[in-house]
1. Looking only at segment 187-245, which residues are of a type in the set (Gly, Ala, Ser) and assigned to a strand (DSSP E or B)?
2. What do you reckon, is residue 60 under 19 Å from the mean Cα position of the chain (by Cα), in a helix (DSSP H, G or I) and farther than 21 Å from residue 122 by Cα?
3. Identify all residues within segment 36-53 that are out of contact with any His (no Cβ under 7 Å at 6 or more places or on another chain) and either in a loop (DSSP other than H, G, I, E, B) or within 20 Å of residue 153 (Cβ to Cβ) (or both); write none if there are none.
4. What number goes with the only condition from (1) within 22 Å of residue 93 (Cβ to Cβ); (2) surrounded by fewer than 22 Cβ atoms within 10 Å (Cβ to Cβ); (3) in contact with a helix residue (DSSP H, G or I) (Cβ under 8 Å, 6 or more places away or on another chain) that residue 72 does not pass?
5. Being closer than 15 Å to residue 110 by Cβ and either charged (D, E, K, R) or modelled with pLDDT of 95 or more (or both) is true for just one of 60, 79. Which residue is that?
6. Return the total of residues in segment 150-179 being in a strand (DSSP E or B) and either among the basic types (Lys, Arg) or touching a residue at least 24 places away in the same chain (Cβ under 8 Å) (or both).
7. What is the one condition in (1) over 17 Å from residue 88 (Cα atoms); (2) buried (at least 20 other Cβ atoms within 10 Å of the Cβ) that residue 34 does not satisfy?
8. Looking only at residues that are touching a strand residue (DSSP E or B) at 6+ places or on another chain (Cβ under 6 Å) and surrounded by fewer than 24 Cβ atoms within 10 Å (Cβ to Cβ) in segment 163-190, which one is modelled with the lowest pLDDT?
Amino acid sequence: MKLTILGCHGPYPPAGGACSGYLLEHENNFILLDCGNGVLSKLQYHIEINRLTAVFVSHLHSDHMADLLIMRYALQIDLEQGKRSTALKIFTPAEPAAELERLSYKEVYEIETIEENAFEFASLKFSFTKTAHPVSCYAMRIEKPEGKAFVYSADTAFFPGIIPFAEAADLFLCEANFLQADLEANIPHYHLSASQAAGIAREAGVQRLLLTHLPPHRKIGSYLAEAQTVFPKAALAEEGKSYSI
């Protein structure tokens, strides 16, 4: 598997950047994990839109799915011009229902809902677990037949189940929207801190940790420094960079 970071910011992108979007390539299949604002533009530096095999959406917040509303028009044109012969598969939570309903457009998408389950797709095993977030949101574990595993946390506050879900992952892509000092403030928190992400990586025994969902209005170097005090092999996700799994 090869993972390419298309966007790694949240809840909005910096100038020239993009929100959450990750392109997974395996055996000539191109699978997009999340499609936040800016991702569709970044995708086209790597493949044509009509080559997409499927999109897996962790949850229906705009910084993770907004560009699906624009991708519909590109797919409609590709279908009309014969560049694509079938609708694009979208795997997504069923809720919020109003957001799911917005995706429907001229049969360009074939929508299937996900739950806490597992299934085979494109010669890979996909598993899901619900995270701690205000809307239905699912972390994803993607495994090759020979056992190599990639885990994407999606958006979440800390919950104990994320540790066994990420166990022994070869690559753990984990959100880190906060610093530990932010968690001490008396406001609701629906995201992880950099040190929490690193703690999960350490306890789960993962090989590599990439921090993502980074806020563009802050110095992200502080996120890396905080994470590396707990998990020295932590790194920041970088837009345009690819990682082998």
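The values are calculated or read from the model by the stated rules, or taken from the named source; none is laboratory data. None of the values given here were measured: they were computed from a predicted structure. Positions of Cβ are generated from backbone atoms using ideal geometry, with glycine treated the same way; all protein chains shown enter the neighbour counts.
1. Hits for segment 187-245 are 193, 234, 235, 242, 244.
2. no
3. Result: 37, 38, 39, 44, 45, 46, 47, 48, 52, 53.
4. In the conditions (1) within 22 Å of residue 93 (Cβ to Cβ); (2) surrounded by fewer than 22 Cβ atoms within 10 Å (Cβ to Cβ); (3) in contact with a helix residue (DSSP H, G or I) (Cβ under 8 Å, 6 or more places away or on another chain), residue 72 misses (3) alone.
5. Exactly one of 60, 79 is closer than 15 Å to residue 110 by Cβ and either charged (D, E, K, R) or modelled with pLDDT of 95 or more (or both), namely 79.
6. Summing the residues that are in a strand (DSSP E or B) and either among the basic types (Lys, Arg) or touching a residue at least 24 places away in the same chain (Cβ under 8 Å) (or both) in segment 150-179 gives 9.
7. Of everything listed in (1) over 17 Å from residue 88 (Cα atoms); (2) buried (at least 20 other Cβ atoms within 10 Å of the Cβ), residue 34 misses just condition (1).
8. 189
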